[in-house]
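The values are calculated or read from the model by the stated rules, or taken from the named source; none is laboratory data. It should be emphasised that the depicted structure is a prediction, and the values quoted were computed from it without experimental measurement. Ideal geometry is used to build each Cβ from the backbone, glycine not excepted, and the neighbour counts take in all protein chains shown.
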Amino acid sequence: MPNFKYLVFIDDDYPSNIFHEIILNKANVTDHYKFYLSALEALEDIRSLQQKDESQLPEIIFLDINMPRMNGWEFIEEFESIPFTNPPRIVVLSTSTYIKDKDKALGQDAVHTFISKPLEVHHFQTLQEELTV
């Protein structure tokens, strides 16, 4: 199965990012990825890439919901206002067990799916199958 060109993770929880990097390396689905502790910083970088060269954008953005300054919902709102030719897919990756959070996420045009933490190797395999059809 083809590997992902570039993945982005946005989560203010440093230990979660370390764990997800370990899982990402076990899954061996990409060599190019970046972790952000700030949704605002990630959004600025994504806007910059969109303006310069959309081919350099990530294929998937793994996004936590609960973060300071700019939470996941605010990120999605801003993200959806960017005029992409081919937008990255967002995977909401959260510890939230509230069905209304999952429903809200899946109701957003930019969101591909909702995954409850922790991310596991099989999630990457499923995403590869879904996104390479």
Problem set entry | Test: residue in segment 77-94 that is acidic (D, E) and either within 22 Å of H20 (Cα to Cα) or part of a strand (DSSP E or B) (or both) | no
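Considering only residues of segment 18-38 that are outside any loop (DSSP other than H, G, I, E, B) and more than 18 Å from L127 (Cβ to Cβ), which is farthest from the chain's Cα centre (by Cα)? Break it down stepwise before answering.
Here is the first cut: in segment 18-38, the residues outside any loop (DSSP other than H, G, I, E, B) are 18-27, 33-36.
The next check asks that each one be more than 18 Å from L127 (Cβ to Cβ); those that pass are 18, 36.
On the way: I18: 15, Y36: 10 Å.
Here the answer is I18.
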Seminar exercise, completed: Being modelled with pLDDT of 95 or more, surrounded by fewer than 18 Cβ atoms within 10 Å (Cβ to Cβ), over 14 Å from the mean Cα position of the chain (by Cα) and of a type outside the set (A, V, I, L, M) narrows R47, R69 down to just R47
For this session: Collect the residues in segment 48-76 that are over 14 Å from V91 (Cα atoms), assigned to a helix (DSSP H, G or I) and not acidic (D, E), keeping them in residue-number order.
Result: S48, L49, Q50, Q51, K52, S55, Q56
For this session: Would you please list the contacts, defined by Cβ atoms under 8 Å and residues six or more apart or on different chains, that run from a residue in segment 110-132 that is on the phi > 0 side of the Ramachandran plot and surrounded by 18 or more Cβ atoms within 10 Å (Cβ to Cβ) to a residue that is charged (D, E, K, R) and outside any strand (DSSP E or B)?
Result: none
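Go over the candidates D12, D45 one by one and state the one that is in a loop (DSSP other than H, G, I, E, B) and within 21 Å of Q108 (Cβ to Cβ).
Working: D45 fails: in a loop (DSSP other than H, G, I, E, B).
The match here is D12.
Quick check on segment 104-116. Is at least one of its residues under 16 Å from Y36 (Cβ atoms) and charged (D, E, K, R)? Break it down into steps so the answer makes sense when it comes.
Quick first cut of segment 104-116, residues under 16 Å from Y36 (Cβ atoms) only: none.
Checked segment 104-116: no residue is under 16 Å from Y36 (Cβ atoms) and charged (D, E, K, R).
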